[in-house]
Amino acid sequence: MTTPRVLVLDDDPTPDLSRLDGRAEVFRSDGAGLAARLPDADVLLVWDFTNDAVRRAWPGGGRRPGWVHTASAGVDRLLPELAGSDVVITNARGVFDQPIAEYVTGLVLAMAKDFAGTWEFQRSRTWRHRETMRVAGTRAVVVGSGPIGRAIGRALSALGAEVELVGRTERSADAEFGRVHAGDALPALLPSADWVVCAAPLTPATDRLFDAAAFARTKPGACFVNVGRGRHVVLADLVAALRSGHLRAAALDVFEEEPLGGDSPLWDVPGLWVSPHMSGDTLGWRRDLSEQFCDNFDRWAAGEPLSNVVDKKLGYVPAH
């Protein structure tokens with residue numbers, strides 16, 4: 001039997017694939033050399049999941065890997081170029097759910113309790129008493145009903161917030177949240193939400209979802225958090241909503257252009273929290289991603305069904 005060849009679109013540090021020693025030939029490529037190396041691979045591991053090289057290299061003639069795994073929850077760096085092919089795409093569903101939920105919960109608490117203000121007053125040696133917001137009893141709208149959105153919903157529910165979950169389609173008898181709203185219900189939910197959290201996959205339906213019209217519908221004084229993709233938000237419209245005071249605060253962990261340049265005006269927008277796409281990256285996350293890929297490789301090598309298979313038309317792993 002021919003030894004399978006696993007091509008890694010590399011990043012530093014590289015994945016630990018020692019479990020594949022003696023079972024697969026692992027070779028690596030950067031983005032520039034990927035097109036030339038794809039025909040030699042049976043499997044492609046997109047370790048550098050911020051790179052668009054796969055979309056650039058995939059079209060054209062020649063053999064292509066039958067399985068592509070991306071070390072990310074989102075697969076927008078692979079579509080639509082791979083959508084029409086026979087390739088099986090899998091993702092890192094399950095690795096980032098709880099870390100991102102914890103991160104969002106931390107942001108909600110920080111905004112509610114004005115931790116940023118406390119820190120600034122401490123730095124200036126100013127004793128200024130304030131009253132802060134109670135999270136219990138507030139309402140949160142979480143856009144994205146996959147594992148990440150559900151984990152966020154559970155965490156906010158544990159704080160006593162009332163959570164409304166929004167997905168692609170309505171589910172009127174959800175076992176966990178009672179009901180999942182369809183995407184077209186979002187405009188009606190925004191006016192009563194104290195917290196609006198975007199954790200959706202990037203699809204044509206969610207591209208630029210949060211624009212001036214959406215922010216105008218939000219409750220005055222609401223807070224907005226995006227841990228989905230940068231293209232979910234029209235940045236100029238978000239900034240305008242913050243500068244006008246309509247939104248009390250916002251947090252962005254994802255951006256259309258990453259890294260965010262030092263000359264970006266976003267760094268200085270009042271009420272805006274900027275973080276470098278780190279909401280899911282807890283200690284050991286790269287090890288977890290490596291182990292997840294190796295587990296799936298075991299299934300692939302044994303001819304068993306792969307886990308986390310993406311529906312290429314939907315752009316995510318559908319719920320079962």
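General remarks:
- Neighbours of G230, meaning other residues whose beta-carbon lies under 11 angstrom from its beta-carbon, give a summed charge of -3 when Lys and Arg score +1 and Asp and Glu score -1.
- Counting only aspartates and glutamates at least 8 places from K313 when in the same chain, those with an alpha carbon closer than 18 Å to its own are D76, E81, D86, D207.
- Cross-link partners of K219 among lysines, defined as those whose alpha carbon lies under 28 angstrom from its own and excluding same-chain residues fewer than eight positions apart: K113.
- Stokes-Einstein D (µm²/s) once Rh is taken as the Kirkwood radius of region 40-191 over alpha-carbon pairs, at 37 °C in 0.692 mPa s: 175
- Alpha-carbon Rg/Rh ratio, for region 223-320, with Rh computed the Kirkwood way: 1.13
- Dividing the radius of gyration of the alpha carbons in the chain by their Kirkwood radius gives 1.01 for Rg/Rh.
- Distribution of pairwise C-alpha distances over region 97-274, 10 Å bins, in %: 10, 39, 37, 12, 2, 0
- Evaluated over the Cα positions of region 49-114, the convex hull gives a direction-averaged projected area, one quarter of its surface, of 5.7 nm².
- Since only G117, V180, L252 are under comparison, the one whose Cα sits farthest along the positive direction of the charge dipole of region 97-274, derived from C-beta charges on Lys, Arg, Asp and Glu, is G117.
- Contact order relative to length of the chain, as percent, for alpha carbon pairs under 8 angstrom and 6 or more apart: 15
- Radius of gyration (Cα atoms) of region 167-210, expressed as a multiple of 2.2 N^0.38 Å: 1.20.
- Ordering of 169-179, 217-227 by burial proxy (mean other Cβ atoms within 10 Å per residue, highest first): 217-227, 169-179
- The distance from the alpha carbon centre of region 177-240 to that of region 149-168 is 14 Å, rounded to a whole number.
None of the figures in this text is laboratory data; all of them are computed from the coordinates on show. All of these numbers come straight from a predicted model, not from anything done at the bench. For neighbour counting, all protein chains shown are included, and Cβ atoms are generated from backbone atoms with ideal geometry for every residue, glycine included.
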